[in-house]
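Here's the structure we're looking at; comments come further down.
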Amino acid sequence: MEKKTKIHAEDDRHDLVITREFDLPVELLFKAYEDPEIVAQWMGTKVLKLENKKHGGWEFETSDANGNVVFKANGVIHDFVPNQKIVRTFEMDNINFAPQLEFLEFEELTDETSKLTMQIIYKSIEHRTTQLKLPFAQGLNMAHNRLEEIAANLK
Amino acid sequence: MTSLYLQSNNCVMEIRRDVFQAIADPTRRAILSLVAIQAMTPGAIAENFNSSRQTISKHIQILSECELLHQTQNGREIYYHLNPEKMKEIDKFIEPFRKMWDDRFNKLESIMKNYKK
């Protein structure tokens, strides 16, 4: 199957572009970003705050099965134009990592299809590299945990 | 520095973790793009930069340690080549990031199919 989500990251730049085409009218694609309950569902996080307006703020929090908070992020919305664009910042709490700037563009392709283009700008190339590596590092941790579990069961 | 890495086939292998540090430096990226076109001697590489030969040697050494470059001997001369296999490994680092977004967007799409505009 063709990879629908594409990441474009050039070596000498400190931004990256994520693109994705959806089998959804642009109105529904945008609604998935606008409605806090729907955001919570697909992002798999609790939405504490989502003020969809210029100078509004947002706050997400994710907990593990035991109720411990594992991820907390927040930011400010700089621009919010329904069915067209969102400009916002993104910052993780309790991590010494510079905020990033995100430009989300929503585009109608046909009545039933749409495209999202998300440009993320990082403070430096090094910041971008660290961010790109996070899911890889998480996979690494999971692998370690899994190995520990297997090892524990062997005892 | 090495670390455990679980591949999709569940085979645990050792990899170097500093490949990203290697390519974070602009001079080292420039060296990689030079040798990507053709194999070069350390002297020929250094001619492309204002930095001292020693500095360039140090960069070449780091790239070699990360296996991004490999060398062949031709008479007295050492030639450095790009190791495309290692470059592919860098793509693999990005793949979990892409997969994370792809999973989220797939979920978004399936949820929104239940709604009417």
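Between B:THR55 and A:HIS127, the FRET efficiency from the beta-carbon distance, with R0 = 30 Å, is close to 0.75. Near A:HIS127: Cβ cut-off under 13 Å, other residues only, Lys/Arg at +1 and Asp/Glu at -1. The net charge is +1. Think of each Lys and Arg Cβ as +1 and each Asp and Glu Cβ as -1; about the Cα centre, that makes the dipole of region A:10-116 roughly 460 debye. Taking Cα centre as origin and charging only the Cβ of basic (Lys, Arg, +1) and acidic (Asp, Glu, -1) residues, the dipole magnitude of region B:51-96 rounds to 260 debye. Ignoring lysines fewer than eight residues from A:LYS49 along the same chain, the ones with Cα atoms less than 22 angstrom from its Cα are A:LYS31, A:LYS72, A:LYS85, B:LYS107. Placing a label point 7 Å from the Cα of B:ARG104 along the Cα-to-Cβ line, the residues of region A:9-28 whose backbone N sits under 20 Å from it are A:9-10, A:14-28.
When chain A is treated as a GNM with alpha-carbon contacts under 10 Å, the residue of A:GLU21, A:GLU108, A:GLU126 showing the greatest mean-square fluctuation is A:GLU126. Sorted ascending by nearby beta carbons within 10 Å, beginning with the fewest, A:PHE90, B:PHE97 become A:PHE90, B:PHE97.
Structural descriptor for region A:1-84: relative contact order 19 percent, calculated from alpha carbon pairs under 8 angstrom and at least 6 residues apart.
In nanometres, what is the gap between the two model label sites at A:GLU107 and B:ASP25, each 7 Å from Cα along Cα-to-Cβ? Once both label points are built, they end up 3.8 nm from each other. Since only A:HIS127, A:LEU29, A:PHE106 are under comparison, the one whose Cα sits farthest along the positive direction of the charge dipole of chain A, derived from C-beta charges on Lys, Arg, Asp and Glu, is A:HIS127. Spin-label model, A:PHE90 to A:GLU37: label points 7 Å out along the Cα-to-beta-carbon direction sit 2.5 nm apart.
Magnitude of the charge dipole for region A:21-74, about its Cα centre and with charges confined to Cβ atoms of Lys, Arg (+1) and Asp, Glu (-1), is about 280 debye.
No lab work stands behind these numbers, since they all come straight from the coordinates. Given the structure is predicted, the values throughout are model-derived calculations rather than measurements. Every residue, glycine among them, receives a Cβ derived from its backbone with ideal geometry; neighbour counts consider all protein chains shown.
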